[in-house]
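*Asks:* Starting off with a structure, shown below.
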Amino acid sequence: MFLNSRYQYLLLGLCIVAPKSIIEVGLARGIRAFQMIQLAKKYHPDIKYTGYDVFDTKDANWHRLVGNGKKVEAKSIIEKNLKSLSNNINLFEGMTSETLWPYTNKADYVWLDGDHRLESIKKDFEALKESKVIVFDDYYSTGEHDGFHIENYGCNKIVETLNINEIFITPETKDLPNIRVVFWSKDIFLINKLKKCLSDSNEIKKIIKLISQN
Ligand SMILES: C[S@@+](CC[C@H](N)C(=O)[O-])C[C@H]1O[C@@H](n2cnc3c(N)ncnc32)[C@H](O)[C@@H]1O
């Protein structure tokens, strides 16, 4: 069974991990943030969400440079939207070189989807690597996407350095088959559970049924 989009793996994975805390690097318009908090609330009503982004403070040239093709929204608008779901929301505005790298942080579930430059993803990962599960976006199975080559963009070169037993590269999806998300965790039991459930269409159907019941 091919899922429509890699974001479905992110959301299904969240249901398996049932995190008490989420960190997202790169929010764009906050769509995934809203979806993740909504789902996580089913497991922990007091879910803590932390987001890092430059929001609407940079111009189109800057977004091209960092490989961002998504529309962005102002921090205040996203914050208002997310606070309708939870009071435990913290948004940090600015480049992660200033807001994250000097401090480090951790969460049960991290969606690492900010700056697409390899060197920046490395530093974002370094700052968050005490987290339970990190989900990388932008693994290019063909070695590039839209002219962005894995020598300088995406997470391939980082994933190559990780212990193979600690990662799960998701299968292709219908919309953009060459872009995958990659789950990483030092918890081998958990990564094996993610692998098993997310590779099995019956398990996926079970999770979908479960979350639509609650
Ligand atoms: C691909 S979008 C995020 C999409 C979102 N996670 C989702 O699932 O819909 C990337 C975001 O990262 C932000 N970003 C890129 N480089 C960044 C940096 N160095 N520091 C902070 N935010 C950055 C961009 O402003 C943009 O909102």
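*Asks:* Which entries in the list 58/174; 20/195; 48/193 go over 26 Å, if you measure between the two C-alpha atoms of each?
*Replies:* Beyond 26 Å: 58/174.
*Asks:* Going through segment 138-198, which GluC sites (Glu not before Pro) have at most 10 other Cβ atoms within 10 Å and a DSSP loop state?
*Replies:* Sites meeting the loop and neighbour criteria: 160.
*Asks:* Calculated FRET efficiency, residue 144 and residue 74, Cβ-Cβ r, R0 30 Å, to nearest 0.05?
*Replies:* Efficiency for this residue pair is about 0.40.
*Asks:* Using the alpha carbon gyration tensor of segment 6-213, what are the three equivalent-ellipsoid semi-axes (square root of 5 times each eigenvalue), largest first, in whole Å?
*Replies:* 24, 22, 16
*Asks:* Another question, if that's okay. Kindly provide the trypsin sites (Lys or Arg not before Pro) of segment 11-92 that DSSP labels as loop, not H, G, I, E or B, and whose Cβ sees at most 13 other Cβ atoms within 10 Å.
*Replies:* The qualifying sites are 70, 71.
*Asks:* So which aspartates and glutamates pass the test for residue 70, namely a Cα distance under 13 Å, with those fewer than 8 places away in the same chain ruled out?
*Replies:* 53, 56, 59, 113, 115
*Asks:* If we count other beta carbons within 10 Å of each Cβ, what is the order of 111, 101, fewest first?
*Replies:* Ranked by crowding around the Cβ, least crowded first: 101, 111.
*Asks:* Could you please rank 95, 36, placing first whichever residue has the fewest other Cβ atoms within 10 Å of its Cβ?
*Replies:* Final ranking by Cβ density, sparse to dense: 95, 36.
*Asks:* Let me know the charge dipole size of the chain about its Cα centre in debye, to the nearest 20, where only the beta-carbon of Lys, Arg (+1) and Asp, Glu (-1) is charged.
*Replies:* So the magnitude is around 860 debye.
*Asks:* With label points built 7 Å along Cα→Cβ from the Cα atoms of residue 122 and residue 66, find their separation and express it in nm.
*Replies:* The answer from the label model is 1.9 nm.
*Asks:* Select from segment 140-214 those trypsin sites (Lys or Arg not before Pro) which occupy a DSSP coil region and have at most 13 other Cβ atoms within 10 Å, ordered by residue number.
*Replies:* Here the trypsin sites (Lys or Arg not before Pro) that fit, given the DSSP loop and packing criteria, are 174.
*Asks:* Further question on the same structure: Rounded to the nearest Å, what's the spacing between the alpha carbon centres of segment 91-149 and segment 167-185? Just the number, please.
*Replies:* For segment 91-149 versus segment 167-185, the Cα centre distance is 16 Å.
*Asks:* Next question, about the same structure. Cα atoms only: what Rg and Dmax, in Å, come out for segment 139-204?
*Replies:* Just the Cα atoms of segment 139-204 yield Rg and Dmax of 12.8, 38 Å.
The numbers here are math on the coordinates, done by the rules we state, and not lab data. It should be emphasised that the depicted structure is a prediction, and the values quoted were computed from it without experimental measurement. Neighbour counts run over all protein chains shown; Cβ positions are idealised from the backbone, glycine included.
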